[in-house]
Every structure is written in C-alpha cells, then in structure tokens.
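Enquirer: Take this structure first; my questions come after.
The values are calculated or read from the model by the stated rules, or taken from the named source; none is laboratory data. Everything quoted here is computed from the prediction, not taken from an experiment. Backbone-built Cβ (ideal geometry, glycine too); neighbour counts: all protein chains shown.
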Amino acid sequence: MLIANYGYKDGSGEYFITLDTDKCDGCGKCVEVCPASVLEVIPNEFDIEDGNIMGVRDEHRHKLKYSCAPCKPTTGDIEPPCVTACLSQAITHFLSSAKGQVL
Amino acid sequence: MAKKEFWRWPEYRHTVEGIDPQNGKVISGGVDIGSVSSKTVIMVDGEVFAQSVMRTGSSSPDSAERTMNWALEDTGVTLKDIHYVVGTGYGRVNIPFAQKAITEIACHGRGASFMWGPSVRTVLDMGGQDCKAIRVDERGKVQNFLMNDKCAAGTGRGMEVFADLLSVPIQEVGDRSFAVKEEPQAVSSTCVVFAKSEAVGLLRSGWSKDEVLAAYCQAMAHRVVDLLNRVGVEKEFVITGGIAKNIGIVKRVEKELGIQALKPDQWRDDPRFDPMLAGAVGAALFAKVLYERSQG
Amino acid sequence: MITAGIDFGARNVKVVILEDGKIAARGTALTGFDLKIAAKEASEMALKAAKLKLDEITHITETGIGQGSVEFAADSVSEVGANAKAGVKLLPSARTIIDVGAEEARAVKCNESGAMEDFVVNERCAAGAGAFVEAMSRALEVELEQMGPMSLKATEAVPMNAQCTVFAESEVVSLIHAQTPKANIACAIHDAIAERVISMVRRLGITEDVLLVGGLAYDVGFVDSMKRGLGVEVHVPEFPEYVSAYGAALIARERAKE
C-alpha cells in the first residue's frame, strides 16, 4: 500500500493531490485528460517489483497551486477531469484556504 | 569586499576504518544531488565505506562527479570498481555515471530505516529546498508520503535566509534559539519574505536576535508538524536532512509532537549517521539490490 | 455631498475624496507600523488638496488590511467589493478586475452595475504579489521603477522555474552569472508573476473587459506580460493604486444617500 500526496501548504492555504497506488492500475486515462499535462505514468520506484503508477511530473510538483488552478473553479462542486477519468477512484484532491474553509 | 555568508555548513569527506573494499563482493554507490547539497555514499556489501558532502554547483553532472571523486579520494577504489550507482535527489536524472535514478522519497525512507533501524515508521526530511513527511514499514518501504517543495518556508533555505538576516552562523542557530528567558510567540507569517519583514519589525521593537531566532524556529516547527500530521505520525520517528542538525527545530518539533526523535545526535560521534546522508545511503542500498538482481 | 474612501494597503494608505461623485483629491502615506498615523497623514494630504476639513465629509468608508483602526470611518467594504464598484465606474465595460498590490493579489468578476459576482484572492505568499517584483529588483540590482521599461527591451524569453520568491532570488543571481542580459531577466520576472496571477484569475474564468489595478499596474513590464499571458486587451486606469479607495468612496456615497 502506498499513498502519495503531491502539493503544498503555504500562507495562502493548502492543496494536495492524493494518489492511492493500490487502486491505481497505471492505465493513464488521467494523463490524457489533464489540461495542464501535470500527470504522467511512471515506473513504480517505491517498489521495484511493481509495474507502473501515475505520478505528478517533477516540473509541476512545486507549482501545483498554479498548474491545477484552472480546474478548481471558485464556485460549484465541480470534479477535476483527472478524478472523473479515474475509474478506480485512485485520485482525490484536497484544497483549503488559509481561513480554513474547504473549497 | 564580498558579503560575509552566514549560512554555509562545512563540506567534508570520510572513510570508515576497518573495511577492505578489495575483499567486498558488491561495491555500490548512492549519489544524492539536492538543490543545495550533493552527497555520495559508497557501500561495501551493504555497509557504509566512504562518503562526501558538498555544496551543489550550478550543474548537476559536475556536482555529481565532484562529490563522487571526493568520496573515493585515497580509498583505493575508482569509479570503475563500483558495480552499480543509483542517483537520487532533484538532480537525479542528470548523473552521467548512474545506472538508475530513483525518487528521493523512496531513498530517504530506505536510508532512514537502515541508519536508525527497522523500528523507524515516520521520517521527516527537511532538505535545502523541500520538506517531506514519509511513513515507512519495517523494511523501509514507503507507505505514505507528502512532499512540499513549493516554497522556502520549512526548508533549510528558509532557515539560511533568517541566519543571514540576523548575521548568525547557521551552526549557532539552534543553541542561540534556546538562549531566551521564555519562549516567545512564533513568527506568524509562513512566507519567508513576509516573515523577514515581521522579524525586522520585532528587532525594531526591541527583541533580541535570540528571541527572533526562537520565534522563527518555532514557526518552522509548527509548519512541519502540520505536514507530518497529514501523513500521520507513528513511533519511531526520525528527522533527516540538513535541518536535523539544528536542535532549535528538532527539539521544538519533538515537543509539539510529544515524541522524541530517535537518536538525533548520533551523527556527532559517528559520521556514518550524518542525517544529511539518508537519501544517498538509501540510493546505495537500492544499487546493491539492483546489481545483485542483474547478476541473477 | 462629500464622501471619502480610505484604503489600507500593505505598503501605502490611500485616501480619495469625492465631491458630488467626482474625485476632488487624493492622498497617500506609507503604511509603516502605525495605521492610525498613516491614515491621519494620508487624509490630511487629501483634505489639504481639496481645501476641506474632516467634519465636512458626510461619510467615510474604509477598506484594506486595517479595517476598524480609525474612528472617523463610518463603515467598511471588502477590497473586492470596492474594486468592482470603482472598476465599472472607470470602465463601464469592465467585467474582470485584477488588483495586484504589494502583498496580495485579488480578482473580482462583476456585472454592469459594479456588483460583485465572484472573487478570488492570493494572500500571504509573496510570489503572487508586488513584493515579488521588489525582491527581484533588489537581486537584479535595478531600481524598481526601471524594471518595467527595462523588461520591454527584452530580446529573448528566459524561463524561470522557481515559484517561491526566495528560490527565485537565487535563480536571478545564477542568470546574472550566466551573463543573461538584465532586460531578459526582468522580462522573465514579469512573465513569472503574471503567469501566477493569471492562473488565479482563471479560476473565475476570464470575462472581458479586463481592468488591471493596484500598485503593480504602474509597472509597464508587468502589464505587457499580463496582456501576452491572457491573450486579451488589458486596460489600466489612471492612478491604478487608488482604485480601491475610490471604490470605497463611491460606496460611502451610496450608503450616505440611504
């Protein structure tokens, strides 16, 4: 079992993309739908025996706040495309502002 | 005249006595190219044999070569003698002589489990430009991790900015942050830029440098504890990375968590346990496994 | 009727006095460490220019960080509310108003009557605010006022990877060491902050016309990067840093009439 959290927490709030690698089968559907090309399918380096898993590209890891922003509208409960595309429900997003409300 | 720098920690190399690489079956190498420091560990049959820690230069391949050559200096071992090298850290894909690159999260987990023992469950790595909270199982395999590399808050670089602002050598920050009558309120800004302005305001209103350091160490401790709580903290707990040498942060993190970090000071007597090395140690361990597997 | 708006910014306090709905005077002072003193200085400057006394003002509305710190203000309004009101008054076709100040950036989507429909704020992170350009100008050793004109002379796009102000400082120093022309670095700095501001605004969806206000709107390099990044025309009013104070004064006028 491995839970991977990519994201940040800064003065303005926090935002994480959480991936459950047990559920992820490396199908790559999330990679296709991501408008900012944030995601990629990579060999599972955490367990050399295992196959492929989804991951956040190195160049996006430190800027998810900006890369993912267009998929996080300020109003309405709209699911980001990567979450919708994942049939095994391996991806979740968490976003909250500094004032504590979950957006 | 060049501005005096207060943030440099000493670069060093070390060879462990009593290990003869000529008799070893597997010589493996781990190279960790971080944003601030570059580390190499050479292992003989899975035991640390030689190591070096240097400042990262402007190019990753060059930094990798320098730290590897320095680790090998006067050991009688050359790069050709090493059976397998794994690269890790942010410059891991740019190491010309590495056979494989492995994410630093896997290497830190593995390395910490080796260095501090299989009872380690939670690893907090505070590097130069990022902060990672990692949960591992008894084999050092990662179970849950969180990585925060968006900003300098909670990283070694953030601490360096403060040491520089106050003209305090980085090695003295920890001790000086406890030279206060009572613990002041933590600096409230997370952002290092705004925390700096806040510190300037505090100094102007009569706070001593030590008090400002205490307030900042506390703010950093809050921040990393927040991150740790997101992955969950389980004993045993260790801190790796350059910040592990700063007791001003370590003790405050321990206090807030109510858990002692495992053997935080052992590196002072035995350089094999330098907490900055965890990533490189993990990489060298992976290199050994990968080499053995390639031999069938 | 005479009303006034006072805007407490992180760097400067701004005051706008309205006489029968028209701007009679502006005043400003450094925010410093005491908001009361700054508010007094800025309002005295504006009152002097308008040849008025404080008690001649019917209603004062405040906005910004220091709400509640001056007794002479009757009430307050949010910055985004003030920006929506003032933005549509200045440019009736404006529907998205982006405000980049020293320590915060915010954007508001509004309707034709200047009522706020949605907003987004970036605060407590210097990388998305004017403080970023300030820090970069120090690293580049270029006067803040020169950053804009210099940026427009750039000949080549240079990528900047750091998203944090502290890391970006080191990156600028490496670019200087690599003999990168300063104009190209200045442009990279403006593109970097514009990209962050734009990603925030995209959460609202970008509805034209776009009006850019706040202190950083004086920086022609930043405005140019915003235009290129958004791919639409970006309008900048005269005195962009007084827009929130102006909006507060307009709201003061509405409230006084009620």
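Enquirer: Just checking, how many residues over the range C:135-168 are surrounded by 17 or more Cβ atoms within 10 Å (Cβ to Cβ), more than 9 Å from every other protein chain (Cβ to nearest Cβ) and either of a type in the set (Lys, Arg) or under 20 Å from B:LYS196 (Cα atoms) (or both)?
Expert: Qualifying residue count, the range C:135-168: 5.
Enquirer: Suppose the filter is surrounded by 24 or more Cβ atoms within 10 Å (Cβ to Cβ) and more than 25 Å from A:ASN44 (Cα to Cα); does B:VAL123 pass it?
Expert: Details: surrounded by 24 or more Cβ atoms within 10 Å (Cβ to Cβ): yes; more than 25 Å from A:ASN44 (Cα to Cα): no.
Spelling it out, it is not the case that B:VAL123 is surrounded by 24 or more Cβ atoms within 10 Å (Cβ to Cβ) and more than 25 Å from A:ASN44 (Cα to Cα).
Enquirer: Inspect all residues belonging to the range B:149-161 and state whether any of them is without any contact (Cβ under 8 Å) to a residue 60 or more places away in the chain, more than 9 Å from every other protein chain (Cβ to nearest Cβ) and over 17 Å from C:ARG124 (Cα atoms).
Expert: no
Enquirer: Continuing with the same structure: Scan (1) out of contact with any helix residue (DSSP H, G or I) (no Cβ under 8 Å at 6 or more places or on another chain); (2) in a helix (DSSP H, G or I) for the single condition C:THR180 breaks and write down its number.
Expert: (2)
Enquirer: Would you please name the residue that is modelled with the highest pLDDT, looking only at residues in the range B:219-229 that are crowded, with 20+ Cβ neighbours inside 10 Å and closer than 20 Å to B:ASP137 by Cα?
Expert: Residue satisfying both the conditions and the ranking: B:LEU228.
Enquirer: Looking at the range C:109-130, can you tell me whether even one residue there is among the β-branched types (Val, Ile, Thr), over 13 Å from the mean Cα position of the chain (by Cα), more than 16 Å from B:CYS191 (Cα to Cα) and not in a strand (DSSP E or B)? Step through it out loud before you land on a result.
Expert: From the range C:109-130, those among the β-branched types (Val, Ile, Thr) are C:120-121; that's our starting set.
In the following step, the residues that additionally are over 13 Å from the mean Cα position of the chain (by Cα) were identified as C:120.
Among the residues that remain, those that are also more than 16 Å from B:CYS191 (Cα to Cα) are: C:120.
The next check asks that each one be not in a strand (DSSP E or B); those that pass are none.
For the range C:109-130, residues among the β-branched types (Val, Ile, Thr), over 13 Å from the mean Cα position of the chain (by Cα), more than 16 Å from B:CYS191 (Cα to Cα) and not in a strand (DSSP E or B): absent.
Enquirer: Can C:ALA194 be described as more than 29 Å from A:LYS72 (Cα to Cα), touching an Asp or Glu at 6+ places or on another chain (Cβ under 9 Å) and either more than 10 Å from every other protein chain (Cβ to nearest Cβ) or not in a loop (DSSP other than H, G, I, E, B) (or both)?
Expert: Details: more than 29 Å from A:LYS72 (Cα to Cα): no; touching an Asp or Glu at 6+ places or on another chain (Cβ under 9 Å): yes; either more than 10 Å from every other protein chain (Cβ to nearest Cβ) or not in a loop (DSSP other than H, G, I, E, B) (or both): yes.
Spelling it out, it is not the case that C:ALA194 is more than 29 Å from A:LYS72 (Cα to Cα), touching an Asp or Glu at 6+ places or on another chain (Cβ under 9 Å) and either more than 10 Å from every other protein chain (Cβ to nearest Cβ) or not in a loop (DSSP other than H, G, I, E, B) (or both).
Enquirer: Strands (runs of 3 or more DSSP E) wholly in the range C:1-88 with at least 3 residues that are touching a Ser or Thr at 6+ places or on another chain (Cβ under 8 Å) - which ones?
Expert: On the way: elements: C:2-8, C:12-19, C:22-30, C:59-64.
Where strands (runs of 3 or more DSSP E) fall fully within the range C:1-88 and carry at least 3 residues being touching a Ser or Thr at 6+ places or on another chain (Cβ under 8 Å), they are C:2-8, C:12-19, C:59-64.
Enquirer: On the given criteria, is B:ALA98 within 14 Å of chain A (Cβ to nearest Cβ), touching an Asp or Glu at 6+ places or on another chain (Cβ under 7 Å) and aliphatic (A, V, I, L, M)? Before you say what the answer is, go through the steps one by one.
Expert: Values: within 14 Å of chain A (Cβ to nearest Cβ): yes; touching an Asp or Glu at 6+ places or on another chain (Cβ under 7 Å): no; aliphatic (A, V, I, L, M): yes.
For B:ALA98, the condition - within 14 Å of chain A (Cβ to nearest Cβ), touching an Asp or Glu at 6+ places or on another chain (Cβ under 7 Å) and aliphatic (A, V, I, L, M) - is not met.
Enquirer: Also: Which of the residues spanning the range C:200-216 are touching a strand residue (DSSP E or B) at 6+ places or on another chain (Cβ under 8 Å) and within 14 Å of another protein chain (Cβ to nearest Cβ)? Lay out the reasoning, then the answer.
Expert: Step one: filter the range C:200-216 for residues touching a strand residue (DSSP E or B) at 6+ places or on another chain (Cβ under 8 Å), giving C:200-201, C:203-216.
Answer for the range C:200-216, where residues must be touching a strand residue (DSSP E or B) at 6+ places or on another chain (Cβ under 8 Å) and within 14 Å of another protein chain (Cβ to nearest Cβ): C:MET200, C:VAL201, C:ARG203, C:LEU204, C:GLY205, C:ILE206, C:THR207.
Enquirer: Mind checking which strands (runs of 3 or more DSSP E) fall wholly inside the range A:1-65 and carry at least 3 residues that are without any contact (Cβ under 8 Å) to a residue 24 or more places away in the chain and within 24 Å of B:GLY232 (Cα to Cα)? Steps first, please.
Expert: Numbers: elements: A:3-10, A:13-20, A:39-43, A:52-56.
Where strands (runs of 3 or more DSSP E) fall fully within the range A:1-65 and carry at least 3 residues being without any contact (Cβ under 8 Å) to a residue 24 or more places away in the chain and within 24 Å of B:GLY232 (Cα to Cα), they are A:3-10.
Enquirer: Identify, by number, the condition in (1) assigned by TED's automatic domain parsing to the domain that holds B:LYS100; (2) more than 21 Å from B:GLU104 (Cα to Cα) that B:ALA280 doesn't meet.
Expert: All conditions are met except number (2).
Enquirer: Can you name the number of the only condition in (1) within 13 Å of chain C (Cβ to nearest Cβ); (2) part of a helix (DSSP H, G or I) that B:GLN171 fails?
Expert: (1)
Enquirer: Report the residue count in the range B:174-214 for those that are crowded, with 16+ Cβ neighbours inside 10 Å, facing another protein chain (nearest Cβ under 10 Å) and not in a helix (DSSP H, G or I).
Expert: Of the residues in that region, 3 qualify.
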